[in-house]
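Beneath this line is the structure, given in structure tokens, with notes to follow.
The values are calculated or read from the model by the stated rules, or taken from the named source; none is laboratory data. Quick caveat, the model's predicted, so the values are computed rather than measured. Note: ideal-geometry Cβ built from the backbone for every residue, glycine included; neighbour counts use all protein chains shown. Please note that ligands, DNA and RNA were not included when accessible areas were found on the heavy atoms of the full protein model with its side chains. Shrake-Rupley method; radii C 1.70, N 1.55, O 1.52, S 1.80 Å.
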Amino acid sequence: MKKLLIVYYSWSCGNTERTAKALQSVAGGDLVRLDTAVPYTGSYNDVVDQGQHEVNAGFEPELKPLPVNVADYDVIAVGTPTWWYTMAPAVKTFLHGQNFAGKTVVPFMTNGGWPGRVIKDMKAACPGADFSCDMQVKFDSNGGDRLETPESRINAWAQSVKALL
């Protein structure tokens, strides 16, 4: 049986964390949250502005060390919120710091109605990986945590990931 690692970054409403935990509840595996070494501070709008500048500059923040060795896993699900039409900078740092050769990557993202190019960018950041079970989960467009993607669709996706193991 293959080993599953679910890695995610979640900042404001916890939507990506919620999706990652829903995946773990069905597929099992180990769950790891990405945290930046220097936490974001200030108001929601301050962090949104900082995030926009970081995305535009291609910034990759330093991350706190992970409690697992990613190389020990066969299937790695990676979740990110949409930040200015792409992945959060913390996820970019994580992806660029790994060797995905021979691994299966399951990219998933949360958004408020503007998915942008997140999945495409995630795939480009994982040379040598196989990809499976891409997922976009939509929450309300006001920055809240009201799920708009049917839970049945999220459960079916999680079952598909489980079938990879």
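Are there any pairs, at least 6 apart or on different chains, whose C-beta atoms fall under 7 Å, with the first in the range 134-148 and touching a residue at least 12 places away in the same chain (Cβ under 8 Å) and aliphatic (A, V, I, L, M) and the second surrounded by fewer than 20 Cβ atoms within 10 Å (Cβ to Cβ) and in a loop (DSSP other than H, G, I, E, B), and if so, which? Sorted first by the residue in the range 134-148, then by its partner, the pairs are V137/T149.
Residue-by-condition table, conditions (1) in contact with a strand residue (DSSP E or B) (Cβ under 6 Å, 6 or more places away or on another chain); (2) closer than 19 Å to Q24 by Cα; (3) not charged (D, E, K, R):
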{"residue": "N56", "(1), (2), (3)": "no, no, yes"}
{"residue": "E62", "(1), (2), (3)": "no, no, no"}
{"residue": "P81", "(1), (2), (3)": "yes, yes, yes"}
{"residue": "M109", "(1), (2), (3)": "yes, yes, yes"}
{"residue": "P127", "(1), (2), (3)": "no, no, yes"}
{"residue": "C133", "(1), (2), (3)": "yes, yes, yes"}
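Screening the range 22-63 for residues that are charged (D, E, K, R) and within 16 Å of the chain's Cα centre (by Cα) and picking the one that is most open to solvent (accessible area, probe 1.4 Å) gives R33.
Picking from residues in the range 129-165 that are modelled with pLDDT of 95 or more and among the small types (G, A, S), the one that is least open to solvent (accessible area, probe 1.4 Å) is A158. Does T19 count as of a type in the set (S, T, Y), in a strand (DSSP E or B) and touching a Phe, Trp or Tyr at 6+ places or on another chain (Cβ under 7 Å)? So T19 fails the test.
Selection within the range 97-115: residues that are assigned to a strand (DSSP E or B) and of a type in the set (S, T, N, Q). The member of this set that is surrounded by the most Cβ atoms within 10 Å (Cβ to Cβ) is T110.
In the list A20, A57, A77, which residue meets the criterion of being closer than 26 Å to R117 by Cα and either of a type in the set (F, W, Y) or touching a helix residue (DSSP H, G or I) at 6+ places or on another chain (Cβ under 8 Å) (or both)? None of the other options fit; the residue is A77. Restricting the first member to the range 70-83 and to residues that are without any contact (Cβ under 8 Å) to a residue 60 or more places away in the chain, and the second to residues that are crowded, with 24+ Cβ neighbours inside 10 Å and outside any strand (DSSP E or B), the beta-carbon pairs closer than 6 Å and six or more apart or on different chains are T82/V118.
Residues in the range 116-132 that are out of contact with any helix residue (DSSP H, G or I) (no Cβ under 7 Å at 6 or more places or on another chain) and assigned to a loop (DSSP other than H, G, I, E, B): how many?
Quick first cut of the range 116-132, residues out of contact with any helix residue (DSSP H, G or I) (no Cβ under 7 Å at 6 or more places or on another chain) only: 116-121, 123-124, 127-130, 132.
Among the residues that remain, those that are also assigned to a loop (DSSP other than H, G, I, E, B) are: 116-117, 127-129, 132.
Number of matching residues: 6.
Taking the range 66-96 as the range and being open to solvent by 20 Å² or more (accessible area, probe 1.4 Å) and not in a strand (DSSP E or B) as the test, the residues that pass are L66, P67, V68, N69, A71, D72, D74, W84, Y85, K92, T93, H96.
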